[in-house]
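Q: First, the structure itself, so that you have it in front of you.
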Amino acid sequence: MFYSLKNSELLKIRNNIFLEYAFSSLQKNGFIKSPFLNANFGRHNPQLYIYDMCRLTNSNLECITTYITSRDRYIKIYLNIFELSPKPKNIFELKDIDGIKFYLSPNNKKEERLDIDMLKTIPLFSYRFWFENYKLKSFHTKFGLNMAIKKLQFIIERDMKNINYFVEKWHSFHKPNITDWEGNIRK
């Protein structure tokens, strides 16, 4: 009676939205596939996609990690920033370095999810928290699915084009950890 899709089809739709709208916008803003040895980019297992992207701004390594799983309807995009010491000349100097420590505690404690973290008010009163998260909303018809896809595409593309806003917002909440190139905290 109602229109429905399998979780695997919904996963594919959300992955395509990320690749077409978020990835291209992030590339235009200077983000590249993470140069680290253990970086993920694509299908991690049949139910999960992970994308690690980075850019170097002065001595700050800005990392964006995206998780798209079949267990829910979200595209989870996280931002974390580190100050590298010594400062690399370019991001490609980090190639062939194991960067796993950037994703483990205590480095991941300042990681923020773009759609629902870094709110200036409690979530109950936040329009963004309730209506502009990166979730493929529920639907009961094919038309409803198309509307949900278009809304998610619009929100993702708008926010990824304005990623510098989120970087500034992250800086208003946190001070970057000072680390070496492998993610070991210096100070």
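The values are calculated or read from the model by the stated rules, or taken from the named source; none is laboratory data. Bear in mind the structure is a predicted one, so any value in this text is a computation, not a measurement. Positions of Cβ are backbone-derived with ideal geometry, glycine not excepted, and every protein chain shown enters the neighbour counts.
Q: Out of the stretch 1-36, which residues are of a type in the set (S, T, N, Q), assigned to a helix (DSSP H, G or I) and surrounded by 15 or more Cβ atoms within 10 Å (Cβ to Cβ)?
A: Result: Asn15, Ser25.
Q: Right, next: Just to be sure, is Tyr51 touching a Ser or Thr at 6+ places or on another chain (Cβ under 7 Å) and either at pLDDT 95 or above or among the β-branched types (Val, Ile, Thr) (or both)?
A: Spelling it out, Tyr51 is indeed touching a Ser or Thr at 6+ places or on another chain (Cβ under 7 Å) and either at pLDDT 95 or above or among the β-branched types (Val, Ile, Thr) (or both).
Q: Only residues in the stretch 78-93 that are in contact (Cβ under 8 Å) with a residue 40 or more places away in the chain count as the first member; pair them with residues that are surrounded by fewer than 18 Cβ atoms within 10 Å (Cβ to Cβ) and among the polar types (S, T, N, Q), Cβ under 6 angstrom, at least 6 apart or cross-chain, and list the lot.
A: Ile81/Asn60; Glu83/Ser59; Glu83/Asn60; Leu84/Ser59
Q: Please give the number of the condition Arg71 fails out of (1) more than 30 Å from Arg186 (Cβ to Cβ); (2) in a loop (DSSP other than H, G, I, E, B); (3) in contact with a Lys or Arg (Cβ under 9 Å, 6 or more places away or on another chain).
A: Answer for Arg71: the failing condition is (3).
Q: In this structure, does Phe82 turn out to be among the aromatic types (Phe, Trp, Tyr) and farther than 25 Å from Lys169 by Cα?
A: Criteria not met by Phe82.
Q: Related question: Checking the conditions here, which among Lys110, Lys89 is touching a His at 6+ places or on another chain (Cβ under 7 Å) and either surrounded by 17 or more Cβ atoms within 10 Å (Cβ to Cβ) or at negative phi (or both)?
A: Lys110
Q: Specify which of the listed residues (Ile75, Ile100) is of a type outside the set (Ser, Thr, Tyr) and modelled with pLDDT under 95.
A: The match here is Ile100.
Q: Still on this structure, I have one more. Can you tell me how many residues within the stretch 149-178 are touching a residue at least 40 places away in the same chain (Cβ under 8 Å), polar (S, T, N, Q) and not in a helix (DSSP H, G or I)?
A: 1
Q: Yes or no: the stretch 89-109 includes at least one residue that is assigned to a helix (DSSP H, G or I), within 20 Å of Glu182 (Cβ to Cβ) and of a type in the set (Val, Ile, Thr).
A: Checked the stretch 89-109: at least one residue is assigned to a helix (DSSP H, G or I), within 20 Å of Glu182 (Cβ to Cβ) and of a type in the set (Val, Ile, Thr).
Q: Assuming Asn146 fulfils every condition listed in (1) part of a strand (DSSP E or B); (2) surrounded by fewer than 17 Cβ atoms within 10 Å (Cβ to Cβ); (3) at pLDDT 95 or above apart from one, which condition is it?
A: Of the numbered conditions (1) part of a strand (DSSP E or B); (2) surrounded by fewer than 17 Cβ atoms within 10 Å (Cβ to Cβ); (3) at pLDDT 95 or above, the odd one out for Asn146 is (1).
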